[in-house]
Structures are given as C-alpha cells and as structure tokens.
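Trainee: Can you read through this structure? Questions will come right after.
The values are calculated or read from the model by the stated rules, or taken from the named source; none is laboratory data. Fair warning: this is a prediction, and the values are worked out from it, not measured in the lab. Heads up, the Cβs are rebuilt from the backbone with ideal geometry, glycines too, and the neighbour counts pull from every protein chain shown. Just so you know, the surface numbers come from the protein's heavy atoms only, side chains and all, with ligands and any DNA or RNA stripped out. Shrake-Rupley method; radii C 1.70, N 1.55, O 1.52, S 1.80 Å.
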Amino acid sequence: VQLQAFGGGLVQAGGSLRLSCAASGRTFGYYVMGWFRQAPGKEREFVAAISQGSSSMYYADSVKGRFTISRDNAKNTVYLQMNSLKPEDTAVYYCAADQSWGTVITNTGGIDYWGKGTQVTVSS
C-alpha cells in the first residue's frame with residue numbers, strides 16, 4: 001500500500017482544513033487508517049484512527065470535538081476534517097495504515113505503511 005497525504009496549508013486560528021490521504025492498491029479496506037502529526041522538535045503523535053468499516057473512530061484528547069476522521073473505501077481515501085484550528089495544531093501530518101487497531105491507536109511502533117506528510121501551519 002502506498003499512501004499520499006495532501007490538503008495541508010496555511011490557515012488562521014479558528015479556521016478549517018480538510019486533509020486527504022489516497023491509497024494505492026485493492027486492499028485499502030483491510031486496513032485501519034490513522035492520522036499522526038509531528039511538530040518541530042517533538043515526537044510524532046497520534047491524532048485519529050478509523051476502523052476498516054468505519055464503525056469505530058478514536059481521537060487524541062487534544063483534537064477531540066474539533067477533528068473528524070472519515071474514509072471512503074470505494075475511493076481508497078481517508079480524510080481528516082480539522083475545525084477550530086489552533087496554533088498548536090501546526091505540524092506535519094501523516095497518514096498511516098495497519099491491520100491492527102491497537103498498533104495504530106497506541107503508536108508504539110511497527111505500523112505497516114506511512115505516507116509522506118503534508119504541512120499544516122496555523123497562524124495566531
């Protein structure tokens with residue numbers, strides 16, 4: 001599976017962005033999809049995850065109520081709608097795929113596939 005994230009950019013605090021992550025291959029529906037982010041000088045952190053059939057979503061406390069993850073298996077795409085953005089949301093955002101829910105939400109390493117990141121910058 002190859003992943004490509006896009007949709008990042010510069011936005012003012014309080015604004016919104018929608019990130020997309022397109023996946024190659026016919027097995028997209030087998031994978032839990034996740035979004036992660038890494039700010040300068042910080043470790044990569046978990047943001048959100050969605051199960052293979054969209055029955056379960058899970059969010060980091062820092063984004064709960066502001067971000068929404070969704071997926072369209074017919075289009076091999078996962079989305080991250082980001083509302084009420086804050087300067088502390090500034091980071092490179094990455095999408096990831098793994099067959100294990102626990103591996104994605106715990107971010108303990110061993111995720112199968114990572115996409116190249118997309119920069120999100122929130123100005124104050």
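Trainee: If a residue has to be of a type in the set (S, T, N, Q) and open to solvent by 60 Å² or more (accessible area, probe 1.4 Å) to count, how many in the stretch 85-124 make the cut?
Mentor: Total satisfying the criteria: 5.
Trainee: Just give me the residues in the stretch 16-54 being open to solvent by less than 20 Å² (accessible area, probe 1.4 Å) and closer than 26 Å to S123 by Cβ, in sequence order.
Mentor: Result: L19, S20, C21, W35, F36, R37, V47, A48.
Trainee: Considering only the stretch 93-117, state which residues are within 18 Å of Q2 (Cα to Cα) and among the aliphatic types (A, V, I, L, M).
Mentor: A96, A97, V104, I111
Trainee: May I ask you to verify whether A49 is out of contact with any Leu (no Cβ under 9 Å at 6 or more places or on another chain), at pLDDT 95 or above, of a type in the set (A, V, I, L, M) and closer than 15 Å to G8 by Cα?
Mentor: Spelling it out, it is not the case that A49 is out of contact with any Leu (no Cβ under 9 Å at 6 or more places or on another chain), at pLDDT 95 or above, of a type in the set (A, V, I, L, M) and closer than 15 Å to G8 by Cα.
Trainee: Step by step: first the residues of the stretch 72-84, then only those that are open to solvent by 30 Å² or more (accessible area, probe 1.4 Å) and under 30 Å from A13 (Cβ atoms), then the one that is farthest from the chain's Cα centre (by Cα). Which residue is that?
Mentor: Per the stated criteria, the residue is S84.
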